[in-house]
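Notes follow once the structure below has been shown.
None of the figures in this text is laboratory data; all of them are computed from the coordinates on show. Predicted model only: the values in this text are computed from it and were never measured. Please note: Cβ atoms are built from the backbone with ideal geometry, for glycine as well, and neighbour counts cover all protein chains shown.
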Amino acid sequence: MSKFYDSISDEHAEFIAAQKIMFVATAPLSTEGHINLSPKGMDCFRILSPRRIAYLDLTGSGNETSAHLAENGRVTFMFCAFEHPPLIMRLYGIGRTVLPGDNEWDDLAPRFPALAGTRQIIVADIYQMQTSCGFAVPLMDFVSERDTLVRWAENKGTDAVKAYQQEKNIRSLDGLPTPLQKVRA
């Protein structure tokens, strides 16, 4: 049975902190556009207040979340318990991208691990939270975090990562601009 909440309680925050992976979903306004659903790990999610969250976003092959947030702000985060007890938690919010050099960056960045390839921080104001049973989510054991993305960024170096972002991360699959385009164009 689903339950809805207006904010993240201490008990909810404990559940979120215990999860090794979360998923973020966004979509463009166009019905022709791609819906994006991305897994995130590496201890990069933070609860800033009972109604505000942030996560550190690393350089990837696309930048759909940032483009969709710039267009319409809609975002959903989902956490699943892969260990006992079963639970699914969704956070519904309005998000935005904070880039290095933005006013908020110096306040937010120290809350996260310093990782090579850091691209941006996604901040969202949560207007509703939902929990549901999670009875069909499989039981799984956590082995370890992958370090492949961070090693890739370390091996490329800062300038090459920025060039990669300029080439691959300034527009979404559907051609929507991301905030990186305004900064680095």
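The condition (being crowded, with 20+ Cβ neighbours inside 10 Å and over 21 Å from residue 12 (Cβ atoms)) is satisfied by just one residue among 64, 104, 71: 64.
Under the condition of being of a type in the set (Val, Ile, Thr), surrounded by 17 or more Cβ atoms within 10 Å (Cβ to Cβ) and farther than 17 Å from residue 145 by Cα, the residues counted in segment 1-46 number 3. The criterion of at least 1 residues that are of a type in the set (D, E, K, R) and in contact (Cβ under 8 Å) with a residue 40 or more places away in the chain is met, among strands (runs of 3 or more DSSP E) falling completely within segment 1-90, by 3-5, 45-49, 52-58, 74-80.
When segment 126-185 is filtered for residues that are part of a strand (DSSP E or B), within 18 Å of the chain's Cα centre (by Cα) and closer than 24 Å to residue 81 by Cα, the ones remaining, listed by number, are 126, 127, 128, 129, 130. Beta carbons closer than 9 Å, at least 6 apart along the sequence or on distinct chains, pair a first residue in segment 122-144 that is farther than 20 Å from residue 74 by Cβ with a second that is among the acidic types (Asp, Glu) for 139/83; 140/83; 141/83; 142/83.
Residues of segment 123-145 that are surrounded by 12 or more Cβ atoms within 10 Å (Cβ to Cβ) and either within 24 Å of residue 159 (Cβ to Cβ) or of a type in the set (Gly, Ala, Ser) (or both): 124, 132, 134.
Looking across segment 146-159, the residues that are out of contact with any helix residue (DSSP H, G or I) (no Cβ under 6 Å at 6 or more places or on another chain) and surrounded by 14 or more Cβ atoms within 10 Å (Cβ to Cβ) come down to 149, 150, 152, 154, 156.
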